[in-house]
């Protein structure tokens, strides 16, 4: 769910950047960035699953049969403040990494600008303000 929302924002951001830069084949850039975002996210989710399973097996977590016959390991993995941080990391890192991969490709190949923090995230503020203004425009038309 979070990845889908991120992907929509990335597609809007790439489209608006391509429009402002007057790049040819805008939709190819949007589709390519969505695919890149999805691939990076998928690979990192798979890595997270592998990492979590290896941590569980290395800790020697007890396996027991639950109420409905399902095996459960380390039921209290994400408890406490450290568990919350760990959970947030494993949930948000694939989306952040996908966004950063798209930002680097956008900056280096689409816009052909030097790679720095300002150029990497340029256009995000304008994207969110245009989204906010689109809701205002639809409210005044009714």
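Every number in this text was worked out from the coordinates using simple rules, so none of it is lab data. Bear in mind the structure is a predicted one, so any value in this text is a computation, not a measurement. Ideal geometry is used to build each Cβ from the backbone, glycine not excepted, and the neighbour counts take in all protein chains shown.
Applying a 10 Å radius around every beta-carbon, put 7-17, 36-46 in order of their mean neighbour count, most first.
Taking the mean over residues of other Cβ atoms within 10 Å, the ranking is 7-17, 36-46.
Rounded to the nearest 0.05, what FRET efficiency is calculated for residue 129 and residue 27 with R0 set to 25 Å and r the Cβ-Cβ distance?
Taking R0 as 25 Å, the efficiency between residue 129 and residue 27 is 0.60.
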